[in-house]
Amino acid sequence: MDPAIARELAALRKEIEQIRAEARIGQAAGAPPAGADGLLRDLSGAPKALADDLEELVAAMQSAVDATGKGVAVHPIAGVAAAFAAGVLVGRLTKIG
C-alpha cells in the first residue's frame, strides 16, 4: 500500500476512535447521544411500532455504513472510484438544461 494512503487511513481511524471516545464520555455523563440514536430517544411519545421500525432502519443503516467502511479500508482505490462515479451520476442527474 502507498505510504501516503496508509498515513491517511491511520489518521482517519484515529479520528474515528476519538469521536467514539467522546461519544462514550458524553453518554457516561448523561448527555443525550448525537445523531440518529438521539432522535430515537426523543420519540418517547410516538407509537411503539414506529419507534421499533426506526430502530431497525437505524441498525440497518449503521451496518451498511460499517460494511462500506470495511470495504473501503480493504480496497481504498475502488472506494474512491465508486465515490467519483456516484458524484458524476448525481451531477448528470441534477444538471440543468
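The numbers here are math on the coordinates, done by the rules we state, and not lab data. These figures come from a predicted structure and were not determined experimentally. Cβ sites come from the backbone with ideal geometry, for glycine too, and all protein chains shown count toward neighbours.
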**Item:** Cα gyration tensor shape of region 43-97, rounded if a/c is under 1.5, else prolate or oblate by comparing a/b with b/c
**Value:** oblate
**Prompt:** Between A73 and V88, how many nm apart are label points set 7 Å from Cα along the C-beta direction?
**Reply:** 2.9
**Request:** Lys and Arg at +1, Asp and Glu at -1: add these up for the other residues within a Cβ distance under 14 Å of V80 and post the number.
**Result:** -2
**Fill in**
Output ordering of 86-94, 57-65 (per-residue mean of other Cβ within 10 Å, highest first) is 57-65, 86-94
**Message:** What lysines does K70 reach when the alpha-carbon gap must be under 20 Å and sequence neighbours fewer than 8 apart in one chain are set aside?
**Reply:** K14
**Request:** Give me the distance in nm between label points sitting 7 Å out from Cα along the Cα-to-Cβ direction at K95 and I19, one decimal.
**Result:** 3.2
